[in-house]
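Here is the structure we will look at.
The values are calculated or read from the model by the stated rules, or taken from the named source; none is laboratory data. All values reported here derive from a predicted model rather than from experimental measurement. Virtual Cβ from ideal backbone geometry, glycine too; neighbours counted across all protein chains shown. Accessible surface is based on the protein model in full, side chains and every heavy atom, while ligands, DNA and RNA are left aside. Shrake-Rupley method; radii C 1.70, N 1.55, O 1.52, S 1.80 Å.
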Amino acid sequence: VNNSARLQALQQEFLRLGFDALLIAHLPNVRYLSGFTGSSGVLVLATDGCVFFTDGRYKEQAREEVKDAKVVIGQRSAMASAAEWFGRRRKSSKSKGLKLGIEGEHLTVAERRRLVSLLPKYVSVREAPALTERARMIKDADEISLIREAVHVGAGLLDHALESIRLGKTETEAAARMEFAAREAGADGMSFETIIASGRRSALPHGRASGKAITHGFVVCDFGVILHGYCSDRTRTVYAGSATKDARRIYGAVLEAQLAAIDAVRPGVSVGSVDQAARKVLRRNGLAKYFTHSTGHGVGLEIHEAPRVAKGQPELLRPGMVITVEPGLYVPGRWGVRIEDMVVVTEHGCEVLDPTRKEFIVI
Ligand code: ZN
Ligand code: ZN
């Protein structure tokens, strides 16, 4: 991973926007820019270089992982160490002061107040745009191959669970099978709480596995792993018991909507029109009002990251973006269906990462 290229690109961006330095505290951003995988660290990018702050617990790990920034092991929190560092730097007589950009989305009000109180007077704190998140939207070849691996491990999990997705077994039983298999396959962990939602619970778009027994009807299974820091995300919906004609029709409509949205993914197209492509199919089937969330989201070091693939969003797709395509239908108290895959935008279209079957499965 080329951290120095990422740091240089970011430095150009913040200088262009009139900042003199940038303080990165959001850990996925810290990891992206420095390679540090621990749970406490702050990165400061200044015009004359880059400094990484952490505490004694991460002394060895930081020296091993952080190659393109100076490492400072502080006695206090990483944030306090960073503030003290600005205090030790002599203010150049020419400059009127230093404008430090912070990540407004990730600092609490209290953290910002503490930071300001620790910083010397010549440093003024301003909220910077989400520059690192914008850079992270475009995955490089290394990242795409890591994501591909994560998707590959994630994709195999449902097979392990299928024998547990049976009438009378509990949702957590099926989730446990998947999570055990994920760890066995080398995953760092799950990328979110496994969703196994059966019967009426399938109408909850985020119905994480419960102690409830699997009942007749759709079973929404939404799951993913973290491998080498990168997340996977996939949903398959199966049917427990004997399927009605209506159930097949509904499943077919969701699948058609998903395929239409995937078909719409190519460079230069807005994410909003990908969302639109899914909605159009559901509208034609008279089902659009039951599609109550957005069509997808970016995935990478975080399970939900930019861009948001939602109605009216103007962001244009570019090669290297990795997004989910996951239309769903939910009738409260009755049933829900969702089908989700991750795709990578290529030069001329997109590639479904590790495609697996999506035909209607009755168990
Ligand atoms: Zn998902
Ligand atoms: Zn998702």
Residues satisfying the stated conditions in the range 185-234, i.e. open to solvent by 50 Å² or more (accessible area, probe 1.4 Å), in contact (Cβ under 8 Å) with a residue 60 or more places away in the chain and within 16 Å of ligand 2 (Cβ to nearest atom): L204
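Within the range 166-178, track down each residue that is assigned to a loop (DSSP other than H, G, I, E, B) and aliphatic (A, V, I, L, M). Quick ask: steps written out before the conclusion?
Looking only at the range 166-178, we keep the residues that are assigned to a loop (DSSP other than H, G, I, E, B), and these are 166-169.
Of everything in the range 166-178, just one residue is assigned to a loop (DSSP other than H, G, I, E, B) and aliphatic (A, V, I, L, M), namely L167.
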Options A243, A247, A197, A181; residue that is in a strand (DSSP E or B), more than 30 Å from T346 (Cα to Cα) and over 20 Å from the mean Cα position of the chain (by Cα): A197
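I need the full set of residues from the range 94-116 which are of a type in the set (D, E, K, R) and farther than 18 Å from A46 by Cβ, in order please. Even if it seems obvious, please write down each step before you answer.
First, the residues of the range 94-116 that are of a type in the set (D, E, K, R): 94, 96, 99, 103, 105, 111-114.
Matches in the range 94-116: E105, E111, R112, R113, R114.
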Residue pairs meeting the criteria (Cβ under 7 Å; at least 6 apart or on separate chains; first more than 16 Å from V345 (Cα to Cα) and open to solvent by less than 10 Å² (accessible area, probe 1.4 Å), in the range 307-326; second within 16 Å of ligand 1 (Cβ to nearest atom) and among the β-branched types (V, I, T)): A310/T295
Test: residue in the range 14-22 that is among the hydrophobic types (A, V, I, L, M, F, W, C) and more than 27 Å from K96 (Cβ to Cβ): no
Top-ranked residue of the range 242-296 - restricted to ones that are within 16 Å of ligand 2 (Cβ to nearest atom) and in contact (Cβ under 8 Å) with a residue 60 or more places away in the chain, ranked as most open to solvent (accessible area, probe 1.4 Å): T292
Unmet requirement for I214, which otherwise passes all of (1) under 29 Å from I147 (Cα atoms); (2) in contact with a Ser or Thr (Cβ under 9 Å, 6 or more places away or on another chain): (1)
Among the residues listed as L282, L316, L287, L259, the single one being modelled with pLDDT of 95 or more, more than 16 Å from ligand 1 (Cβ to nearest atom), within 22 Å of D222 (Cα to Cα) and touching a Pro at 6+ places or on another chain (Cβ under 9 Å): L282
Criterion violated by T356 - all others in (1) part of a loop (DSSP other than H, G, I, E, B); (2) within 16 Å of ligand 1 (Cβ to nearest atom); (3) within 18 Å of the chain's Cα centre (by Cα) satisfied: (3)
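Are there any strands (runs of 3 or more DSSP E) wholly within the range 1-75 with 2 or more residues that are in contact with a Lys or Arg (Cβ under 8 Å, 6 or more places away or on another chain), and if so which?
Numbers: elements: 21-24, 42-46, 49-55, 70-74.
In the range 1-75, 49-55, 70-74 are the strands (runs of 3 or more DSSP E) which contain 2 or more residues that are in contact with a Lys or Arg (Cβ under 8 Å, 6 or more places away or on another chain).
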Odd one out for L10, checked against (1) surrounded by fewer than 19 Cβ atoms within 10 Å (Cβ to Cβ); (2) within 23 Å of Y230 (Cα to Cα): (1)
Residues of the range 330-353 classified as within 16 Å of V254 (Cα to Cα) and more than 15 Å from ligand 1 (Cβ to nearest atom), total: 2
Test: residue in the range 85-96 that is under 25 Å from R134 (Cβ atoms) and open to solvent by 20 Å² or more (accessible area, probe 1.4 Å): no
